[in-house]
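Here, each number is a calculation from the coordinates, and none is a lab measurement. Keep in mind the model is a prediction, meaning the values are calculated, not measured. Heads up, the Cβs are rebuilt from the backbone with ideal geometry, glycines too, and the neighbour counts pull from every protein chain shown.
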Amino acid sequence: MSGKDAPQIGLCTGKDCRRADGYRTVERELRRTATVVDLPCLDVCHGAVVVVRPRSSDPVVLERVSGRGLALEVVEHVVDDVELSGRLRKRRIKGSARSKARRRIARAL
């Protein structure tokens, strides 16, 4: 479904994220249904790091997204506007790490 109308999801491509368990599975599932925006290292280093609505003024940064199940939950949230599941809400980055990641996202885009 990639294309002009496909939703965008950011994916950290830093080496720690790429080495994380399940990174390739997450990347594959996201690319099937969304336009994946490759982002440079977001300096969160709890991979794989996924950014929901990366071009918005308030992107949601999720850490430790591993495996097909979590990737599909991210896609469902973005495509069908379903509320973040409890598993994903626990993975939201908050505080200064979130601010730092948002600054890096803004510079990358």
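Helical content of the chain, expressed as a calculated mean residue ellipticity at 222 nm, amounts to -12500 deg cm²/dmol (DSSP H runs of 4 or more residues, -39,500 (n - 2.57) each, divided by residue number, nearest 500).
Cysteine residues of the chain whose C-beta has no other cysteine C-beta under 4.7 angstrom: 41, 45. In a simple Cβ point-charge model (Lys, Arg +1; Asp, Glu -1; nothing else charged), the chain has a dipole of about 480 debye relative to its Cα centre.
Counting neighbouring beta carbons within 10 Å and listing from fewest to most, the residues 37, 78 come out as 37, 78. Rg/Rh for the chain stands at 0.92; both radii use Cα atoms, and Rh follows the Kirkwood definition.
With a bin width of 10 angstrom, please list the P(r) values of segment 13-65 as percents of all Cα-Cα pairs, from the 0 bin to the one holding the largest distance. Reading upward from the zero bin: 26, 60, 14.
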